Amino acid sequence: TSFPQSLFMDDNGKIVHKSLGFVKAEDFLEVGKTAMNPDLRMSGMKDKALSMKPEDFLSFAISSIQNGDREYETIAREYLSKQTDILTNKALLDVIMQTVDVLPSEKLLTDLINNKEKVAEVGAYPMAELDVRLVSLSVAYANFHFKNAETGAPDLVAIEAFLFKVIPQKAFFTSNYYAIEHYLRNNDKENAFKRYESFLKEASTKTSFNELCNMVIQFGSAFAEEDQLKKSFESVDNFPIKEPKNTDAFQKNLIRVLVY
């Protein structure tokens, strides 16, 4: 993931530690000393990770992320599945907020969502930041668990149903965003536009102005035919804003600039 990358191996060729990116000579010597210490190097930390205290596991988690350790996610899910006081422990919440992509269970995800005021208080997180993170965790969980048994592709119907179950207020925007992105990634522009067009038709009653703007900015340029662009801009221009701000007209013009 970055250059240079240094791997430290034992005499059997097993990687016991790694260092990503440039470091000065004196710092690299310290990395080498860490690699020589069975208690501090990555392989040693992994061996005892599941028995660590939350504060120590957080340090291990941050180090693992910084070093691009691909085994960390599996270890983190197992560790979190064994914890009983996550909602009241800032270190454990920081592990989730800062380092984990997929949570170990739907129960933990829904506990975080249903108790987000408590989570925000214990973790000292801004509510807006927490809301974004909970949406991200919901999407990642759905993407990880709901796949077509034959092809391994994401099961869009199951993912959408799951999102409406756990984050109903954000599910309309999020499920459409996910589906459009999926279709475009697979060069299926026809289905991508059908989903995008359907979103635009319902946006005025099912999403916020900012979410609509986000969608058009992100995907409007992918649908650049004249009638497609017209639908994008009309949906923004005609959105019923209850309390218009002085910046709304500017934002509508800015969207055109960004899409063009």
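Things to note:
- For the chain, the longest principal axis of the C-alpha atoms and the axis of helix 90-99 are separated by about 70°.
- Per-residue ellipticity at 222 nm computed for the chain from its helices equals -20500 deg cm²/dmol, with DSSP H segments shorter than 4 residues left out and the rest contributing -39,500 (n - 2.57).
- Acute angle (nearest 10 degrees) that the helix 54-66 long axis makes with the longest principal axis of the chain, alpha-carbon atoms: 70
- Taking the stretch 161-188 and a reference point 7 angstrom along Cα→Cβ of F146, the backbone N atoms nearer than 18 Å belong to 161-184.
- When the stretch 1-51 is reduced to its Cα atoms, the Kirkwood hydrodynamic radius in Å: 11.5
- Between Q251 and F28, the FRET efficiency estimated from the beta carbon spacing at R0 = 30 angstrom works out to 0.05.
- The stretch 186-260, accessible surface, carbon-and-sulfur percent (1.4 angstrom probe): 48
- Quarter of Cα convex hull surface for the chain, i.e. mean projection, nm²: 18.6
- Along its three principal directions, the equivalent ellipsoid of the stretch 122-260 from the Cα gyration tensor extends over semi-axes of 26, 22, 12 Å, largest first.
- If the convex hull is drawn through the Cα atoms of the stretch 1-125, its volume per residue in Å³: 119
- The chain - accessible surface per residue (Å², probe 1.4 Å): 58
- Computed from the C-beta positions of N214 and F3, the FRET efficiency with R₀ = 25 Å rounds to 0.15.
The values are calculated or read from the model by the stated rules, or taken from the named source; none is laboratory data. Small disclaimer: the values here were computed from a predicted structure and weren't measured. Note: ideal-geometry Cβ built from the backbone for every residue, glycine included; neighbour counts use all protein chains shown. With ligands, DNA and RNA removed, areas are computed over all heavy atoms of the protein, side chains included. Shrake-Rupley method; radii C 1.70, N 1.55, O 1.52, S 1.80 Å.
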